[in-house]
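Each remark here refers to the structure printed beneath this line.
The values are calculated or read from the model by the stated rules, or taken from the named source; none is laboratory data. Everything numeric in this text was worked out from a predicted model, so none of it was measured. Every residue, glycine as well, gets a Cβ built from its backbone with ideal geometry; the counts of neighbours run over all protein chains shown.
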Amino acid sequence: MTGIGAKALQTRWFVRSPIPLFRAGLGFVFGGRLLLLQHLGRTSGQPRYVALETVERPATDRIIIASGFGAKAQWYRNLQADPHCRVWIGFDRNRAAIARTLTREESAAVLSRYRREHPKAYAQLASVIEEATELSIDDIPYVELHLS
């Protein structure tokens, strides 16, 4: 099963397939597990979109996401250049947000909670990320989105 998950993460059409649903106002079908992130291209300045899985939602105005492909992920690099973004999640559409990369200590705490609260999902996610990217789930960047 891990091999399938890793291949899916590396398949562009598959990872982009939720985007039209979010843009059509149907993001609620993902029940808050996925979000649509709009960010600006750091060179082009044009809007870019990516569907991401939430790791944690510590408050209604805060969402934690992980950059499964590490610091080289385009959306992550774009947020480093300009942290202003927009988020679609659940019934919320097109909410302004500011992104902040968590410190190593904050990331470890988030991951510890995730591991404790979702042990099966953690094990599967860790193996998929490690197989797809050769990065440890402990070393990837975690980002907090603060919704306005």
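Val143 - would you say it is in a helix (DSSP H, G or I) and either free of Cβ contacts under 8 Å to residues at least 60 places away in the same chain or of a type in the set (A, V, I, L, M, F, W, C) (or both)?
Considered against the rule, which asks whether it is in a helix (DSSP H, G or I) and either free of Cβ contacts under 8 Å to residues at least 60 places away in the same chain or of a type in the set (A, V, I, L, M, F, W, C) (or both), Val143 comes out as no.
A Cβ distance below 6 Å, combined with a sequence gap of six or more or placement on separate chains, defines the contacts here; from the stretch 3-28, residues that are over 10 Å from Ala51 (Cα atoms) reach residues that are at pLDDT below 50 in the pairs Phe14/Ala8.
Restricting attention to the stretch 63-87, report how many residues are over 20 Å from Tyr122 (Cα atoms) and not polar (S, T, N, Q).
Within the stretch 63-87, the subset over 20 Å from Tyr122 (Cα atoms) is 71-87.
Pick out the ones that are also not polar (S, T, N, Q) and you get 71-73, 75-77, 79, 81-87.
Result for the stretch 63-87: 14.
Of all residues in the stretch 75-87, those that are without any contact (Cβ under 8 Å) to a residue 60 or more places away in the chain and in contact with a strand residue (DSSP E or B) (Cβ under 7 Å, 6 or more places away or on another chain) total 6. Candidates are the residues of the stretch 112-145 that are more than 21 Å from Arg77 (Cβ to Cβ) and touching a strand residue (DSSP E or B) at 6+ places or on another chain (Cβ under 7 Å); the one that is surrounded by the most Cβ atoms within 10 Å (Cβ to Cβ) is Tyr114. Scanning the stretch 17-48 for residues that are under 21 Å from Phe91 (Cα atoms) and among the aliphatic types (A, V, I, L, M) yields Ile19, Leu21, Ala24, Leu26, Val29, Leu34, Leu35, Leu36, Leu37. Find the residue count for the stretch 62-118, including only residues that are touching a Lys or Arg at 6+ places or on another chain (Cβ under 9 Å) and among the acidic types (Asp, Glu). Qualifying residue count for the region: 1. Annotation note: of Leu52, Leu21, the sole residue that is in contact with a Leu (Cβ under 9 Å, 6 or more places away or on another chain), farther than 25 Å from Asp138 by Cα and modelled with pLDDT of 90 or more is Leu21. Contact annotation: residue pairs with Cβ atoms under 6 Å, 6 or more positions apart or on different chains, pairing a residue in the stretch 116-135 that is within 16 Å of Leu52 (Cα to Cα) with a partner that is surrounded by fewer than 14 Cβ atoms within 10 Å (Cβ to Cβ) and of a type outside the set (Lys, Arg), are Ala132/Gln10. The residue list Ile65, Ile89 contains one member that is modelled with pLDDT of 95 or more, closer than 26 Å to Ser112 by Cα, among the hydrophobic types (A, V, I, L, M, F, W, C) and touching a Ser or Thr at 6+ places or on another chain (Cβ under 7 Å), which is Ile65. Checked against (1) out of contact with any strand residue (DSSP E or B) (no Cβ under 6 Å at 6 or more places or on another chain); (2) on the phi < 0 side of the Ramachandran plot, Gly90 passes all but a single condition, namely (2).
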